[in-house]
1. From Ile83, Ile73, grab the single residue that is under 30 Å from Gly141 (Cα atoms), of a type in the set (Val, Ile, Thr) and either surrounded by 14 or more Cβ atoms within 10 Å (Cβ to Cβ) or touching a Lys or Arg at 6+ places or on another chain (Cβ under 8 Å) (or both).
2. Quick one: would you say Lys195 is surrounded by fewer than 22 Cβ atoms within 10 Å (Cβ to Cβ), part of a loop (DSSP other than H, G, I, E, B) and of a type outside the set (Ser, Thr, Tyr)?
3. If Thr135 satisfies every condition in (1) of a type in the set (Val, Ile, Thr); (2) more than 26 Å from Met200 (Cα to Cα); (3) at pLDDT 95 or above but one, which is the exception?
4. Can you tell which of Leu37, Leu48 is farther than 20 Å from Ile202 by Cβ, in contact (Cβ under 8 Å) with a residue 40 or more places away in the chain and in contact with a Cys (Cβ under 9 Å, 6 or more places away or on another chain)?
5. So which helices (runs of 4 or more DSSP H) stay within the stretch 99-183 end to end and still have 3 or more residues that are out of contact with any His (no Cβ under 6 Å at 6 or more places or on another chain) and either loosely packed, with under 15 Cβ neighbours inside 10 Å or aromatic (Phe, Trp, Tyr) (or both)?
6. When you check Cys56 against the structure, is it in contact (Cβ under 8 Å) with a residue 60 or more places away in the chain and exposed (fewer than 14 other Cβ atoms within 10 Å of the Cβ), yes or no?
7. Suppose the filter is buried (at least 24 other Cβ atoms within 10 Å of the Cβ) and at pLDDT 95 or above; does Ala219 pass it?
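The values are calculated or read from the model by the stated rules, or taken from the named source; none is laboratory data. If you're wondering where the values come from, they're calculated on a predicted model, not measured in any experiment. All Cβ positions, glycine included, derive from the backbone under ideal geometry; neighbour counts span all protein chains shown.
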Amino acid sequence: MKSSKPLRAFWQAGIDLILTPTCFSCGERLDRARDVLCRHCMEKAIPLDDNSCPRCHTLMEAGKCPECDSGEISYDFAHSAWIFQGPIKDVIHYFKYNAYSSLSAWLGEAMYRAYQEEDALHNCDVITPVPLYFTRKKERGYNQSELLARCLSKKSAIPYCRLLKRTRHTASQTLLSKSEREHNLDGAFAIRRNKSVHGMHILLIDDVFTTGTTANQIAILLKEQGAKSVNIFTAARAA
């Protein structure tokens with residue numbers, strides 16, 4: 001009788017190929033199941049530039065911040081774990097658009113490491129996510145910002161609370177100019193019923209900081225309702 005070992009080895013190789021995790025950016029096989037990016041792609045993940053504004057983390061030129069100097073920023077502080085490009089952009093796209101909600105744990109862990117290094121984020125009373133309109137949340141199956149906020153709350157011990165709601169459907173912000181984004185989001189957010197933000201220091205969580213329009217609109221709303229400060233923290237920031 002012929003040995004079945006070669007056949008078992010063949011099937012085992014096939015199972016290993018299917019179950020072995022691969023890098024979300026380049027597709028290389030990963031050494032550890034808990035990894036999301038390979039070592040090579042992790043080296044391409046870029047943290048915020050040291051030359052960025054200490055308040056809003058916009059890249060400065062000649063020591064001046066164009067955003068803060070404009071006087072149009074209503075939030076108090078903004079920070080991100082990475083620049084939104086390369087492998088990090090790939091991971092966030094999988095997380096946001098391809099139903100990989102489990103990536104929230106890896107992204108949340110990275111955000112927590114960045115949080116630990118930034119004292120300005122520590123003095124907050126509550127963590128709250130940027131809300132999705134209910135139809136979009138139903139389509140996606142989850143609010144990615146909510147998953148990140150819950151993860152950071154658990155690790156930082158800052159209480160989590162859904163303070164905000166989206167009052168209407170809004171067009172995707174991706175291809176809109178800054179002025180179009182402001183018009184698109186006008187009146188799109190509200191404080192949830194029976195929630196008070198009076199006197200609170202709030203940490204607002206989102207996946208990507210692009211132009212800051214969403215953050216600014218929400219900060220205006222929260223401060224109109226009595227919030228003392230609004231800080232913004234995202235997984236990544238547009239370059």
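1. Ile83
2. Yes, satisfied.
3. If we test Thr135 against (1) of a type in the set (Val, Ile, Thr); (2) more than 26 Å from Met200 (Cα to Cα); (3) at pLDDT 95 or above, just (3) comes out false.
4. Answer to the check: Leu37.
5. Once the helices (runs of 4 or more DSSP H) in the stretch 99-183 are filtered for at least 3 residues that are out of contact with any His (no Cβ under 6 Å at 6 or more places or on another chain) and either loosely packed, with under 15 Cβ neighbours inside 10 Å or aromatic (Phe, Trp, Tyr) (or both), what remains is 103-116, 134-140.
6. So Cys56 fails the test.
7. No, not satisfied.
A quick yes/no check of all residues on (1) under 11 Å from the mean Cα position of the chain (by Cα); (2) farther than 18 Å from Leu132 by Cα; (3) in a strand (DSSP E or B); (4) not small (Gly, Ala, Ser):
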| position | (1), (2), (3), (4) |
| --- | --- |
| Asp206 | yes, no, yes, yes |
| Ala215 | no, no, no, no |
| Ile218 | no, no, no, yes |
| Leu221 | no, no, no, yes |
| Ala227 | no, yes, no, no |
| Arg237 | yes, yes, yes, yes |
